[in-house]
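J.: Let me begin by handing over the structure; questions about it come next.
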Amino acid sequence: MPYSVPLLKPNPLLQEIPVGEPFDPYRDALVVEEETIWPEEFSGLPSEEKARLETQLHQEASTATELDYVRLHTGFGRRITVTAEDIDRLKQT
């Protein structure tokens, strides 16, 4: 006879988890790799513009909207997912 597991109700608290992490000066001082994730909505940006914005984002990592740190053997990797808010902010500078 097959065993069935009852379905659990979704936990509303888990749906409110914020995306990304806050800027952490300690981990940021140990960053040895940088990664930038460009969502599909920005595929029309010229590569030169993307490179310029990417450099600015990582230089001003504390202002990035979606920031994650990835533990590496030699330190941390900084992963920034580009958002429309980031683009708007950086184009004003």
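Derivation of every value follows stated rules applied to the coordinates shown; laboratory data play no part. Please read all numbers here as calculations on a predicted model, not as lab measurements. Cβ placement follows ideal geometry from the backbone for every residue including glycine, while neighbour counts extend to all protein chains displayed.
J.: Using a 10 Å cut-off around each Cβ, can you sort ASP88, ASP28 from fewest to most neighbouring Cβ atoms?
T.: ASP88, ASP28
J.: Here's another thing I want to ask about it. For THR83, THR93, what ranking results if the residue with the fewest other Cβ atoms within 10 Å of its Cβ goes first?
T.: Fewest-to-most ranking of THR83, THR93: THR93, THR83.
J.: What ratio of Cα Rg to 2.2 N^0.38 Å holds for region 44-89?
T.: 1.24
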